[in-house]
1. Along the charge dipole of the chain, which of Gly174, Ala28, Gly64 sits closest to the positive end, that is, farthest toward it, with unit charges on the beta carbon of Lys, Arg, Asp and Glu (+1, +1, -1, -1)?
2. With a length cut of 20 Å (Cα positions projected on each helix's long axis) and a Kyte-Doolittle mean of at least 0.5, go through the chain and give me the DSSP H helices that pass.
3. Check which residues have an amide H placed less than 5 Å from Phe65's amide H, if you skip close sequence neighbours.
4. Listed highest first by mean packing, meaning other Cβ atoms within 10 Å per residue, what order do 38-46, 102-110, 53-61 come in?
5. With each run of n ≥ 4 DSSP H residues scored as -39500 (n - 2.57), what mean residue ellipticity at 222 nm is computed for the chain after dividing by its residue count and rounding to the nearest 500 deg cm²/dmol?
6. For the chain, give the magnitude of the charge dipole about the Cα centre (Cβ charges: +1 Lys/Arg, -1 Asp/Glu; no others), in debye to the nearest 20.
7. Compare the peptides 23-35, 126-138, 82-94 by average per-residue count of other Cβ atoms within 10 angstrom and give them in order, highest first.
Amino acid sequence: MTLVRLGDLDLTLPLAAAAFGWLAAARAWRTAMIWGLLFGGGVMLVGASKIAFMAWGSGLPGLGFKSVSGHATGVTAVFPTLLYLMLHSAGPAARRLGVAAGLGLGLVVGVLLVVCGFHSAAEAVAGCLLGGAISLAWIRLAGAGARAPSLPRLGWFALVFLAGAWLMSFMHVGWWMIRVAMLLSGNDRPYSLGSADP
């Protein structure tokens, strides 16, 4: 369960924002913007899949697919990216190892989500694929513009992370998604996602 919690939006969103802050502090503006667009787009896709199911019951019943796993997406998007940043000055081999470790962690979380009954295999696989695509696309498109760690950049990373974590304590994302689904569909109550995303 501790590993599964690594995918909580309360953690992955502040970490993603902190990575953006790290890159902005290094004046790697293009790289930061690419990361923000990729991660933000991924979060919106996950949210859209959940809202669509809660509003209209969309999905693939034959595969047990209701929505993309946000936890699997978050881990496989954020952790390979952070490890790439942290190991940027250690050389290509270390960076590749870090990215592989981050993706591996995402796969472990995906498996645990299925084993613990939070998601179907199709939902977890979709999340792992989406998150992996985000991190690998960022590394491919902008990774060369990353900067090695330094005290000022680590300071910005910590500051943005703490601010993001504080803000997320007030953001009831699940509640808002339910409200949006009900508004769009006109239904009195949403279709239940069940135990999806602990």
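1. It is Ala28, whose Cα lies furthest towards the positive end.
2. Passing helices, by number: 9-25, 29-56, 70-86, 92-115, 121-142, 151-168.
3. Counting only residues 5 or more places away or on other chains, the set is Leu60.
4. 102-110, 38-46, 53-61
5. Helices in the chain give a 222 nm mean residue ellipticity of -24000 deg cm²/dmol.
6. Here the size comes out at about 540 debye.
7. Per-residue Cβ counts within 10 Å, averaged per peptide and sorted highest first, yield 126-138, 23-35, 82-94.
Where a number appears in this text, it was derived from the coordinates with a stated rule and is not lab data. Bear in mind the structure is a predicted one, so any value in this text is a computation, not a measurement. FYI the Cβ positions are ideal-geometry reconstructions off the backbone, even for glycines, and counts take in every protein chain you see.
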